[in-house]
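The values are calculated or read from the model by the stated rules, or taken from the named source; none is laboratory data. Since the model is a prediction, treat every value here as computed from it, not as a measurement. Positions of Cβ are backbone-derived with ideal geometry, glycine not excepted, and every protein chain shown enters the neighbour counts.
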Amino acid sequence: MPPNDSAEDLSNRARRFGLVIYQDRLIYDAQPGITDELISKVEGHCRGELPDELKLLWRASFGGSVDYDLEIELGDAIVEFSFTELFYPGSDGYRDLTGWIEYELELAEEVAHEHGQNFDGRLGYLPFGGFEYADRLYICVEPGPDYGSVHAWMHGLPPAWVLRLNDDRAGRIADNLPSLFRRLDLASDPFAATEDKFAMGGNLAAIVEKIDGEDRDLSERLRELVRDAVVDWPSALANGSLAVKPRHCRLAMRDAIERDDRGQLLRLESLGCSFQQRLRADGNALDFALALGRIDTAEFLFDRGVRSLQAIRNGARTAPAGFVRRLLESGAQPSALAAKAAALAGFHESAVLIASALEPDERARFAAELDPDKAQEKWKAIEMLRDACFAMDRKP
């Protein structure tokens, strides 16, 4: 940036295109700043004043859209949190800010009633962003040691979703709002060609490209700002610093597994990156390879001693019978859900092996619940698995 071109000048120029720069991250579709009157109105629902950091953000942009990755840890799980919206009154999201405040007040009142307590009509944690109904961010507005900290809540997905949270979870993820935004990054360069249609940053890249036609200098500065958020794991891999950068290590290992690159996996291992570490949810490298159907890589990892109790569940849709047998012998846990998933994926022998490893009572309940409804597309696979389960438990 030229010496006479201040950060304030850059921010003002970006604002003309609906962009706000906060903690070196871009908010697009940025809304007008909040008024003191609205601050007082929101604080009327809170047990304390709004943290200064939230006021600063809202004065710059009282709502908008976010397009970065946010990887967090909730309990024993590494998860990709969807933070795409900063709530504001009148937004067209699942609920606007007013709606989320009302929702949280109703929940708090219900909880207080269930515990025989009086509810003071105020919130200790204020929702301010997230994604539809599934992921939500809160800032603590109650005086005390957590005041100003950021907490995340995620909605659990059904058990059939492997390497995802399958139960609702919440936890503290940042000490304050600025540290939350500094955690936002990009797993890949949004300006580079990619086949990943779910990669974050695409909206930002499109906006910057559009600005290029009107203000080339601004677009170049914003492009640099966006690219500064990209996790440069290839450089960390090259200079050997990967092991002390957990996020970089996970991205490099996922990349190697996705591309079946054993050479890169061996390089990662030599640098001290453990194949047993969690890569997504509670799954390790073996789980990740199985879930993606990278069976050759999964067997390569297995042969190097990588083990997982959840390997059967994560690989049921992709693993052939021979590998399923090895996984079971290594202590991987069978499940009725995995047996059904294998059958529906066309791995009948694998499904039968998994079912045979179930306890007799669990297998009997499972077989009784299997419904080979001929209206279902793969009813025959279910019928074959059900018959196999009945045969296992049939007395001679």
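Being within 29 Å of the chain's Cα centre (by Cα), closer than 22 Å to Ile257 by Cβ and of a type in the set (Ser, Thr, Tyr) is the requirement here; does Ser308 meet it? Quick ask: steps written out before the conclusion?
Working: within 29 Å of the chain's Cα centre (by Cα): yes; closer than 22 Å to Ile257 by Cβ: yes; of a type in the set (Ser, Thr, Tyr): yes.
Here the answer is yes, as Ser308 does meet what is asked.
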Consider Ile312 against the criteria (1) more than 30 Å from Leu19 (Cα to Cα); (2) in contact with a helix residue (DSSP H, G or I) (Cβ under 6 Å, 6 or more places away or on another chain); (3) assigned to a helix (DSSP H, G or I); (4) not assigned by TED's automatic domain parsing to the domain that holds Pro334: it satisfies all of them except one. Which criterion is unmet? (4)
Note on the stretch 34-51: residues free of Cβ contacts under 8 Å to residues at least 40 places away in the same chain, surrounded by 14 or more Cβ atoms within 10 Å (Cβ to Cβ) and assigned to a loop (DSSP other than H, G, I, E, B) are Ile34
Given (1) surrounded by fewer than 18 Cβ atoms within 10 Å (Cβ to Cβ); (2) on the phi > 0 side of the Ramachandran plot, identify the lone condition not met by Ala281. (1)
Report the residue count in the stretch 259-286 for those that are free of Cβ contacts under 8 Å to residues at least 40 places away in the same chain and either among the basic types (Lys, Arg) or assigned to a loop (DSSP other than H, G, I, E, B) (or both). 13
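Confirm whether Ile39 is under 23 Å from Glu85 (Cβ atoms), modelled with pLDDT of 95 or more, over 30 Å from the mean Cα position of the chain (by Cα) and not polar (S, T, N, Q).
Details: under 23 Å from Glu85 (Cβ atoms): yes; modelled with pLDDT of 95 or more: yes; over 30 Å from the mean Cα position of the chain (by Cα): yes; not polar (S, T, N, Q): yes.
Here the answer is yes, as Ile39 does meet what is asked.
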Restricting the stretch 100-128 to residues that are part of a loop (DSSP other than H, G, I, E, B) and out of contact with any Lys or Arg (no Cβ under 9 Å at 6 or more places or on another chain), which is surrounded by the fewest Cβ atoms within 10 Å (Cβ to Cβ)? Gly116
When every residue in the stretch 68-99 that is touching a helix residue (DSSP H, G or I) at 6+ places or on another chain (Cβ under 9 Å) and assigned to a strand (DSSP E or B) is compared, the one nearest to Ser188 (Cα to Cα) is Glu71
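Answer with yes or no whether Val306 is surrounded by 18 or more Cβ atoms within 10 Å (Cβ to Cβ), touching a Leu at 6+ places or on another chain (Cβ under 8 Å), closer than 18 Å to Ala357 by Cβ and at pLDDT 95 or above. Spell out how you get there, then give the answer.
Working: surrounded by 18 or more Cβ atoms within 10 Å (Cβ to Cβ): yes; touching a Leu at 6+ places or on another chain (Cβ under 8 Å): yes; closer than 18 Å to Ala357 by Cβ: no; at pLDDT 95 or above: yes.
Here the answer is no, as Val306 does not meet what is asked.
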Looking only at the stretch 217-240, how many residues end up being under 25 Å from the mean Cα position of the chain (by Cα) and hydroxyl-bearing (Ser, Thr, Tyr)? 1
Consider only pairs whose beta carbons are under 6 Å apart and that are at least six residues apart or on different chains; among these, list those whose first residue lies in the stretch 197-224 and is on the phi < 0 side of the Ramachandran plot and assigned to a loop (DSSP other than H, G, I, E, B) and whose second residue is polar (S, T, N, Q) and buried (at least 16 other Cβ atoms within 10 Å of the Cβ). Ala199/Ser188
Identify all residues within the stretch 318-365 that are outside any helix (DSSP H, G or I), out of contact with any Leu (no Cβ under 8 Å at 6 or more places or on another chain) and not hydroxyl-bearing (Ser, Thr, Tyr); write none if there are none. Pro320, Ala345, Gly346, Phe347, Leu358, Glu359
Within the stretch 190-213, restricting to residues that are buried (at least 17 other Cβ atoms within 10 Å of the Cβ) and touching a strand residue (DSSP E or B) at 6+ places or on another chain (Cβ under 7 Å), the one that is farthest from His248 (Cα to Cα) is Ile207
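Table: residues versus (1) not aliphatic (A, V, I, L, M); (2) not in a strand (DSSP E or B).
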{"residue": "Arg136", "(1), (2)": "yes, no"}
{"residue": "Ile139", "(1), (2)": "no, no"}
{"residue": "Gly144", "(1), (2)": "yes, yes"}
{"residue": "Tyr147", "(1), (2)": "yes, yes"}
{"residue": "Trp153", "(1), (2)": "yes, no"}
{"residue": "Val162", "(1), (2)": "no, yes"}
{"residue": "Leu165", "(1), (2)": "no, yes"}
{"residue": "Ile173", "(1), (2)": "no, no"}
